[in-house]
2 protein chains.
Amino acid sequence: MFSKSCQYAIRAVAYLAEHKGTDKNAGVKEIAEALQVPQQFLAKILQTLSRHNLISSVKGPGGGFYLDETNVNAPLLEIVEVIDGKNTLNACILGKPTCSSEHPCLLHQHFHGCREGLRSALSTCTIGSLMDGKSC
Amino acid sequence: MFSKSCQYAIRAVAYLAEHKGTDKNAGVKEIAEALQVPQQFLAKILQTLSRHNLISSVKGPGGGFYLDETNVNAPLLEIVEVIDGKNTLNACILGKPTCSSEHPCLLHQHFHGCREGLRSALSTCTIGSLMDGKSC
DNA sequence: GCAAAAAAAGGTATTTTTATCCTTTATTTT
DNA sequence: AAAATAAAGGATAAAAATACCTTTTTTTGC
């Protein structure tokens with residue numbers, strides 16, 4: 001469903017949300033250790049998120065990543081779209097290019113609801129809403 | 001969600017089901033062209049399915065793949081398990097090793113229902129039930 | 001028996017994804 | 001100003017997934 005990059009991205013953002021309010025920023029090293037994921041790989045992902053203004057960063061001593069007041073308003077869906085592409089939640093589960101409600105694949109109806117449920121959760125749930133250990 | 005191998009596998013089996021009753025067997029070439037997927041890659045997948053007794057095959061002229069009376073009773077879930085592994089429908093959507101109902105990841109509850117819906121469809125729907133162009 | 005057909009099997013090649021390394025740039029502290 | 005810190009960026013490496021090619025085995029029809 002989601003690539004590892006995307007999984008790491010969502011989890012990293014959740015980490016930032018949970019630690020928002022702390023005065024100090026979270027460095028790649030800290031996040032990677034907390035999530036138990038490869039540090040340099042995560043660094044790339046955080047760069048991408050930062051470039052797309054989904055998270056914020058400061059360089060230098062005491063620097064790291066954090067969420068500003070704009071970041072918290074973005075829905076989680078944007079993370080997915082930035083990392084895995086906008087089509088992730090539209091793709092046919094059997095990879096048929098022609099799959100749609102009009103020309104459903106044999107699993108279409110079973111998967112469609114699932115996908116839309118996820119999409120709506122990811123659209124509704126903002127990055128900020130993950131603060132204080134809340135779920136989506 | 002499913003690897004391409006698995007997507008091709010399910011679609012190929014569906015093709016066999018739809019063409020069951022025809023007196024002639026379906027060759028790799030025929031199936032690959034019908035599904036618009038790489039022939040040699042599909043050949044490997046069909047081999048695997050055959051080795052696991054999910055489909056049947058005969059070599060030589062007039063040979064090819066078909067479904068026998070045992071094959072038709074297997075649920076589609078077995079295809080998924082053979083190709084992508086038994087854990088496919090249990091894995092956490094965010095890749096957290098510890099994710100469970102007791103320790104849910106932040107998308108757990110939204111994804112859980114989806115996964116179980118799919119699992120139940122794939123368990124209920126046998127290969128044979130795809131004959132006559134039926135869906136799951 | 002022989003030639004052709006078609007799957008089985010094994011190996012190789014390509015592409016994509018995941019992961020690491022190393023240098024540069026920006027910032028902060030001393 | 002110098003040193004330390006941490007992200008940014010570029011290039012490379014390793015692994016996995018996908019795709020292709022060649023040979024072998026089996027079967028069929030002549």
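The values are calculated or read from the model by the stated rules, or taken from the named source; none is laboratory data. This is a predicted model, so every value here is computed, not measured. Cβ: placed from backbone, ideal geometry, glycine included. Neighbour counts: every protein chain shown. Note: areas computed on protein heavy atoms with side chains; ligands, DNA, RNA excluded. Shrake-Rupley method; radii C 1.70, N 1.55, O 1.52, S 1.80 Å.
What does the net charge come to around A:Val72 if you take all other residues with beta carbon closer than 13 Å to its beta carbon, with K and R at +1 and D and E at -1? Charge balance in the 13 Å sphere: -3.
Inter-chain Cβ neighbour count for B:113-119, averaged per residue, equals 4 (cutoff 10 Å, partner chain atoms only).
Find the percent of Cα-Cα distances in the stretch B:1-66 that exceed 21 Å, and round it to a whole number. Tail of P(r) above 21 Å: 13 percent of Cα pairs.
With a cut-off of at most 11 other beta carbons within 10 Å, and DSSP calling the residue loop, which GluC sites (Glu not before Pro) in the stretch B:64-99 qualify? Please list them.
Those that pass, being in a loop and sparsely packed, are B:Glu69.
Taking the helices alone, chain B has a mean residue ellipticity at 222 nm of -14500 deg cm²/dmol, built from -39,500 (n - 2.57) per DSSP H run of at least 4 residues and averaged over all its residues.
Label-point distances for B:Val72 to the equivalent site in the other copies, using a point 7 angstrom along Cα→C-beta, read 6.1 nm when ranked shortest first. Accessible surface of A:Phe2, taken over heavy atoms with a 1.4 Å probe and every protein chain present, rounds to 20 Å². With 23 Å as the limit on Cα-Cα distance, the pairs of A:Lys134/B:Lys96; B:Lys24/B:Lys59; B:Lys4/B:Lys24; B:Lys29/B:Lys86; B:Lys24/B:Lys134 that go past it are B:Lys4/B:Lys24; B:Lys29/B:Lys86.
Would you mind working out the accessible area per residue for chain A, using a 1.4 Å probe, and quoting it in Å²?
Heavy-atom SASA per residue in chain A reads 51 Å².
Expressed as a whole percent, the accessible surface of the stretch A:4-133 that belongs to carbon and sulfur atoms is 49, based on a 1.4 Å probe.
When +1 charges are put on Lys and Arg Cβ atoms and -1 charges on Asp and Glu Cβ atoms, the dipole computed for the stretch B:51-136 relative to its Cα centre reaches about 200 debye. Accessible surface buried at the B:A interface totals approximately 2200 Å², computed with a 1.4 Å probe on protein heavy atoms.
Beyond 25 Å, the tail of the calculated P(r) for chain A holds 31 percent of the Cα pairs. If you model the protein assembly as shown as an ellipsoid using its alpha carbon gyration tensor, with each semi-axis the square root of five times an eigenvalue, the axes come out at 44, 18, 16 Å, biggest first. Near the amide H of B:Ala26, within less than 5 Å, lie the amide hydrogens of B:Phe65, all on another chain or at least 5 residues away, with H placed in the peptide plane. Chain A residue nearest the rotation axis toward B, with distance: A:Cys114, 2 (Cβ to axis, whole Å). For the stretch B:70-105, heavy-atom accessible area (probe 1.4 Å) falls by no less than 30 Å² from the chain alone to the full protein assembly at B:Ile93, B:Leu94.
Plainly put, the tip 7 Å out from Cα toward Cβ on B:Gly85 is 2.3 nm from that tip on each other copy, the closest given first.
Summing +1 for each Lys or Arg and -1 for each Asp or Glu, what net charge is found among the other residues whose Cβ lies under 14 Å from the Cβ of B:Ser50?
On the way: positive: B:Lys44, B:Arg51, B:Lys59; negative: B:Asp68, B:Glu78.
Computed value for this residue: +1.
The trypsin sites (Lys or Arg not before Pro) found in the stretch B:33-136 that occupy coil by DSSP, while having at most 15 further C-beta atoms within 10 Å, are B:Lys59, B:Lys86, B:Lys134. For B:Ser50, the point set 7 Å out from Cα toward Cβ sits 5.4 nm from its twins in the other copies, listed from shortest up.
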